[in-house]
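To start, the structure itself, in structure tokens.
The values are calculated or read from the model by the stated rules, or taken from the named source; none is laboratory data. These numbers come from a predicted model, not from an experiment. Ideal geometry is used to build each Cβ from the backbone, glycine not excepted, and the neighbour counts take in all protein chains shown. Only protein heavy atoms, including side chains, enter the accessible area calculation; ligands, DNA and RNA are left aside. Shrake-Rupley method; radii C 1.70, N 1.55, O 1.52, S 1.80 Å.
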Amino acid sequence: IIVNRNTLLDQTLATLKRAWPGVDLGVAHGRKHEYDKQVVVTTIQTASYPNRLDKLLNSGTFNLCIIDEAHHAPAQSYQLVLGELGFLKEDSNDQLLLGVTATPTRIGSLKLADTFQTLTFEIPIGELIHKGYLCKVRA
């Protein structure tokens with residue numbers, strides 16, 4: 001799982017521990033180098049650092065990569081990491097790249113379709129507000 005901020009790293013770890021008790025969970029960030037776990041959570045800043053990327057590559061093959069805040073995935077740092085891990089190959093049938101974001105549009109010329117093949121699920125912000133998942137917009 002790749003996130004783009006330390007706060008999201010902490011939130012992701014807490015959520016995984018709560019939702020999946022007993023998961024073999026590793027952290028690749030700061031002084032933690034836990035690359036040999038069932039699930040590894042890292043930041044893009046850590047994963048794109050050359051020696052950390054080498055450690056990810058040497059830890060084995062990843063079958064699933066989840067990108068939180070996936071609207072950042074077209075950025076060069078993400079493309080580097082995803083490419084090195086094999087998730088951008090045309091024939092990566094044994095690997096799944098999943099991106100999640102609440103802001104699917106990206107400013108600039110890069111698009112999510114440059115990284116992800118299919119939009120699987122979409123829900124409008126108005127519906128999320130109506131269902132109580134988000135608060136009403138205030139000006």
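Remarks
- Mean separation of Cα contacts under 8 Å (6+ apart) over length of the stretch 2-131, as relative contact order %: 20 percent
- Compactness of the stretch 2-131, expressed as Rg and Dmax over alpha-carbon positions, Å: 15.1, 46
- Carbon and sulfur %, accessible surface of the stretch 2-131 computed with the full protein complex present, 1.4 Å: 53 percent
- Cβ charges +1 (Lys, Arg) and -1 (Asp, Glu), total dipole of the stretch 2-131, debye: 440 debye
- Take Glu69: with every protein chain present and a 1.4 Å probe, its accessible area is about 50 Å².
- For the chain, the mean residue ellipticity at 222 nm estimated from helices alone is -8500 deg cm²/dmol, where every DSSP H run of n ≥ 4 contributes -39500 (n - 2.57) and the total is divided by all residues, rounded to the nearest 500.
- Percent antiparallel among DSSP beta bridges (both partners in the chain, rounded to 5): 15 percent
- Neighbourhood net charge (12 Å Cβ-Cβ; Lys/Arg +1, Asp/Glu -1) for Lys55: -2
- More than 22 angstrom apart: percent of Cα pairs within the stretch 69-139: 34 percent
- Taking amide H positions as modeled 1.01 Å from N, with prolines and chain starts lacking one, the residues under 5 Å from Gly99 and 5 or more places away or on another chain are Ile67.
- The residues of the stretch 2-131 have, on average, 65 Å² of accessible surface per residue, using a 1.4 Å probe with all protein chains present.
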